[in-house]
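The values are calculated or read from the model by the stated rules, or taken from the named source; none is laboratory data. Note that the coordinates shown come from a computational prediction; the quantities given were computed from them, not determined experimentally. Here Cβ is always computed from backbone atoms with ideal geometry, including for glycine, and neighbour counts include all displayed protein chains. Surface areas here come from the heavy atoms of the whole protein model, side chains and all, with no ligands, DNA or RNA. Shrake-Rupley method; radii C 1.70, N 1.55, O 1.52, S 1.80 Å.
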Amino acid sequence: DAVWGGKEGLLEAIDFGRGLGGISNDGTKTKPRRVWALDPIDGTKGFLRGRLSGGQYCVALALIEDGVPMLSVLGCPNLPTKHNHNSGHDNASNSNANGKAPYGAWTEEEAQESEKAKMKSTSTTIGSKKQIFLGNRGCLFLAVRGCGCYEIPLHLLERYILDEDSTSDSASDCHGNNNPPWTRLYVTPNNSDETITTNINSDTNTKESPSQATFCLGVERSFSDPKGTILQIAKRIHGPDGVVTGEDGIPDIVNSLRMDGQVKYGLLARGEAQYFLRLPKEGYVDWIWDVAAGYGVLMEAGGRM
């Protein structure tokens, strides 16, 4: 209640999406100028696929005004935190042509440790409330138009909220600050000297040529690139060796990360990938809730779409 203002505060926030329109000059009703767009499980196949097979999904929320996302939120419970971005990345199960699992797949050992932590009676608690999120999984991306894009690990945000609910006067993050530790995000720069800087670790930025840039793609290759157009684009950027054919006989991009849902926009925003392409079959239509939140996150991190 101390953080969200209780039930009334939540209802007030929902009311922001009731629209600013109303009646036009000729007396007819107009479409609402401000609406919420919510996808409660964006990346349904990833949610069903499960963590051991690299399933990613998110809660995607955007406040849209006059067709433009003004506030964008991506809650990604299964995404490795920024400094644990290799978690499960080398898991060989459900591998693509590269021999890699979809990004963020849990190893069996990691899953077992997670279950053990939940079962222990000494699990992390704050007051009388048990903390759900662990330190290496779960991220929330927040973007406000004109104010930038930010990320916070869910376990730190959760701790802050529980602290606020229990003792609002003493709430602090792990550094003793009274505000949760958000990190501002920037996409990989497109420098004029044709080099790119990877922002995975801001303390040790490395420069790579565009030919080494990473594609962030959907898991279902037959859906996201039925005609193989993205593969041809990758060959132009990475060279002929940038695409290989795996044991299953399906070609794939060597330097690529595969995952479900709008989580991909979060990885682009924090510089973990540089390209996101999806060219589904003719006639397929994306709904506004499939794109709006990710669009806001990417644009406020300096990306282009």
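Of everything in segment 240-253, what is in a loop (DSSP other than H, G, I, E, B) and open to solvent by 20 Å² or more (accessible area, probe 1.4 Å)? Give them in sequence order.
Matches in segment 240-253: Glu247, Asp248, Gly249, Ile250.
Go through segment 265-294 and give me each residue that's of a type in the set (A, V, I, L, M) and more than 19 Å from Pro69 (Cβ to Cβ).
Scanning segment 265-294 gives Ala273, Leu277, Leu279.
I want to confirm something. Restricting to segment 147-160 and keeping residues that are closer than 17 Å to Cys76 by Cβ and not in a strand (DSSP E or B), which single residue is nearest to the chain's Cα centre (by Cα)? Walk me through how you get there before you give the answer.
Within segment 147-160, the first condition is being closer than 17 Å to Cys76 by Cβ, and the residues that meet it are 149-158.
Checking which are not in a strand (DSSP E or B) leaves us with 154-158.
Working: Leu154: 12, His155: 16, Leu156: 17, Leu157: 16, Glu158: 18 Å.
By that ranking, first place goes to Leu154.
Which residues, counting only those in segment 41-60, are crowded, with 16+ Cβ neighbours inside 10 Å and small (Gly, Ala, Ser)?
Gly43, Gly46, Ser53, Gly54, Gly55, Ala60
For segment 230-252, what are the residues that are touching a residue at least 40 places away in the same chain (Cβ under 8 Å) and closer than 13 Å to Tyr275 by Cβ?
If the condition is that a residue be touching a residue at least 40 places away in the same chain (Cβ under 8 Å) and closer than 13 Å to Tyr275 by Cβ, then Ile230, Ile233 are the ones that fit.
Can you go through Ile230, Ile288 and tell me which one is modelled with pLDDT of 90 or more, of a type in the set (A, V, I, L, M, F, W, C) and surrounded by fewer than 17 Cβ atoms within 10 Å (Cβ to Cβ)? Steps first, please.
Working: Ile230 fails: surrounded by fewer than 17 Cβ atoms within 10 Å (Cβ to Cβ).
After ruling out the rest, the residue left standing is Ile288.
Of the residues that make up segment 73-81, is at least one modelled with pLDDT under 75 and open to solvent by 10 Å² or more (accessible area, probe 1.4 Å)?
No.
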